[in-house]
Amino acid sequence: QVQLVESGGGLVQAGGSLRLSCAASGRTFSLYPVGWFRQAPGKERELVAAIGGGSVATYYADAVKGRFTISKDNAKITVYLQMNSLKPEDTAVYYCAASSRLYGSPVNDEYNHWGQGTQVTVSS
């Protein structure tokens, strides 16, 4: 059974940075896509950034391109989201998710393992 545990959220001023971490147990990340989603109050959950299986391809939502960077440490089975130049509109609960699609692309419909979420609040 795959378990994902996020950490690193918090309160930061606009323009600041945070790094989210997602530690996994039960399965390696190396061959399967892994991504970060977020959900703001009253909005649908959206994919923010993801890495495809085999770590070849990445995806970033337009709203975070150039500011966020996703990376993973296969040895530690941990995925990170470095968030720079944060804006108040980045405020949301951020979720780490792992896909069951072997060598899948970053954007796919089989993200079926989820962490509990970590709150990110950006003040203006």
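The values are calculated or read from the model by the stated rules, or taken from the named source; none is laboratory data. Quick caveat: nothing in here was measured; it's all calculated off a predicted structure. When we count neighbours, we look across all protein chains shown, and the Cβ atoms used for this are built from the backbone with ideal geometry, even at glycine. The protein model used for the area step is the full one, side chains on, heavy atoms only, and it has no ligands, DNA or RNA in it. Shrake-Rupley method; radii C 1.70, N 1.55, O 1.52, S 1.80 Å.
What the table shows:
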quantity	calculated
Probe 1.4 Å, all protein chains present, accessible-area order of Glu46, Glu6, Glu89, largest first	Glu89, Glu46, Glu6
Only Lys, Arg (+1) and Asp, Glu (-1) charged, at Cβ; the chain dipole about Cα centre in debye	220
Sorted peptide list for 49-58, 104-113, criterion being average Cβ within 10 angstrom, highest first	49-58, 104-113
Lys43 - accessible surface, heavy atoms, 1.4 Å probe, Å² rounded to 10	130
Estimated translational D of region 1-85 in µm²/s (Stokes, Kirkwood radius over Cα pairs; 20 °C; 1.002 mPa s)	158
Bins of 10 Å, starting at 0 and running to the largest distance - Cα pair percent for region 47-124	17, 51, 28, 4, 0
Positive-end extreme of charge dipole, region 15-68 - chosen from Ala63, Pro41, Gly16 (charges on Cβ)	Gly16
Heavy-atom accessible surface of the chain: percent carbon and sulfur, 1.4 Å	48
